[in-house]
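Below is one structure, written out as structure tokens, with a few remarks after it.
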Amino acid sequence: MHNNQTFADIFRASGISRRDFLKFCSLTSVYLGLSPSMVPKMVQAMETKPRTPVIWLHGLECTCCSESFIRSSHPTIEDIIFNMISLDYDDVLSAAAGHQLEDVRRKIMQEYKGKYILAVEGNASTKDDGVYCMVGGDSFLNTLKETAADAAAIIAWGACASYGCVQNADPNPTGAAPISEIIKNKPIVNVPGCPPISEVMTGVVAHFHTFGTLPELDRMGRPKAFYNTRIHDKCYRRAFYDAGMFVRSFDDEATRKGWCLYKMGCKGPTTYNACSKIQWNGGVSFPIGSGHPCIGCSEPNFWDKGPFYERLAEVSFLGTDSNADRIGVIAVGAAAAGAAAHAAVTAVKKAKAGNDSEEKA
């Protein structure tokens, strides 16, 4: 472990130029919604502060959060990202295993008491003393409580750790519970999604590393910088929604034209996330861009909110109580009203012109 190294040291050792280092800091501050005046503070922190120790635990989950994390599109490669946060314990990515790795976890807890971040991917089984998820001969529930005791803060990665996800869905046979229901005395930031966007994940860590605190959170415990707008509000298909132009079958002409997926079950109008702004895999695309409706994976209990391909019953439209069924009618009605008004004005002008001609005669 080399936690005395700074992030800037890692960049230099890897042959990354200072220009790219400054670019990284600037991009990260933009993702976090910070003002330009905060960029120098982020640069100073990256140049002077030792790397932040992170213990990354895995409970009931599918590892998709880790898969997303290592694909950050910042101007870094995977090992730079890991070196930045000094990820010394991760039972999925570590070469060591079993009791040897558990000894590493306890050593970090002792040497960096009150200073390390606890990152949790997945949730904990609480039924039957947590027997449905075991780590090193002990329940994950006990491991979570033990590791959280001396953590500076906790990051709940993904829908599983944040809200419970599929394991927590009805009837929840293992008693799976999100981290916030188990740990009550530590600051926790929820970074939901199945999985979360990689830049969102690295951005949260960068904020803590820079300022020593978690970013500003919304009422659901999510970082506001990334979860403050609905996917629907920034979606490039929004214009089709407003015009009442919807895909009604995955193989129809509207699909090929990229019309709105709302009637195919898209949950974008009720889902808060940065998918439509940051997108995935270096800004290549996101589910809606790939032709699939949003399933609302960054919202609580999304598994229990009905079929993914069933449209929402009611969605507010531009602050009114209009819904998608009325939007098309409104659009057509407005067009018809405009045509009628145009025809009426034309008729009045013709009538007036005729009267003027008669008066002159």
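Here is how the numbers come out for the structure above:
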item: Unique match (being farther than 24 Å from Ala119 by Cβ, open to solvent by less than 60 Å² (accessible area, probe 1.4 Å) and of a type in the set (A, V, I, L, M, F, W, C)) among Val54, Val39; result: Val39
item: Filter result (basic (Lys, Arg), free of Cβ contacts under 8 Å to residues at least 60 places away in the same chain and farther than 21 Å from Phe69 by Cα) within segment 95-124; result: Arg106, Lys107, Lys113
item: Qualifying position, being of a type outside the set (Asp, Glu) and surrounded by fewer than 23 Cβ atoms within 10 Å (Cβ to Cβ), among Ala152, Ala176; result: Ala152
item: One residue from Ala254, Ala334, Ala313, Ala340 being at pLDDT 50 or above and part of a helix (DSSP H, G or I); result: Ala254
item: Matching residues, segment 42-62, being over 17 Å from Asp20 (Cα atoms) and among the charged types (D, E, K, R); result: Lys49, Arg51, Glu61
item: Pairs where the first residue, in segment 6-28, is of a type in the set (D, E, K, R) and the second is surrounded by 14 or more Cβ atoms within 10 Å (Cβ to Cβ) and not in a helix (DSSP H, G or I), C-beta under 7 Å, 6+ apart; result: Asp20/Pro75; Lys23/Pro75
item: Unmet criterion (only one of (1) at pLDDT 90 or above; (2) not assigned by TED's automatic domain parsing to the domain that holds Pro40) for Pro192; result: (2)
item: Selection count where residues are modelled with pLDDT of 95 or more, of a type in the set (A, V, I, L, M, F, W, C) and part of a strand (DSSP E or B), scope segment 122-147; result: 1
item: Neighbours by Cβ (under 6 Å, 6+ apart or cross-chain): first from segment 151-167, within 14 Å of Phe302 (Cβ to Cβ) and at pLDDT below 95; second part of a loop (DSSP other than H, G, I, E, B) and open to solvent by less than 10 Å² (accessible area, probe 1.4 Å); result: Gly164/Pro178
item: Check on Met220, closer than 23 Å to Lys305 by Cβ and more than 19 Å from the chain's Cα centre (by Cα); result: no
item: Selection from segment 181-211 of residues that are without any contact (Cβ under 8 Å) to a residue 60 or more places away in the chain and in a helix (DSSP H, G or I); result: Glu181, Val204
item: Extreme residue, nearest to Leu312 (Cα to Cα), among residues of segment 244-302 that are of a type in the set (Lys, Arg), free of Cβ contacts under 8 Å to residues at least 60 places away in the same chain and in contact with a Lys or Arg (Cβ under 9 Å, 6 or more places away or on another chain); result: Lys267
item: Single residue of Ala206, Ala169 found to be open to solvent by less than 10 Å² (accessible area, probe 1.4 Å), among the aliphatic types (A, V, I, L, M) and over 13 Å from the mean Cα position of the chain (by Cα); result: Ala206
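The values are calculated or read from the model by the stated rules, or taken from the named source; none is laboratory data. Note that the structure is a prediction, hence the values are computed from the model and not measured. Because the Cβ atoms are built from the backbone with ideal geometry, glycine has one as well, and the counts that use them run over all protein chains shown. Please note that ligands, DNA and RNA were not included when accessible areas were found on the heavy atoms of the full protein model with its side chains. Shrake-Rupley method; radii C 1.70, N 1.55, O 1.52, S 1.80 Å.
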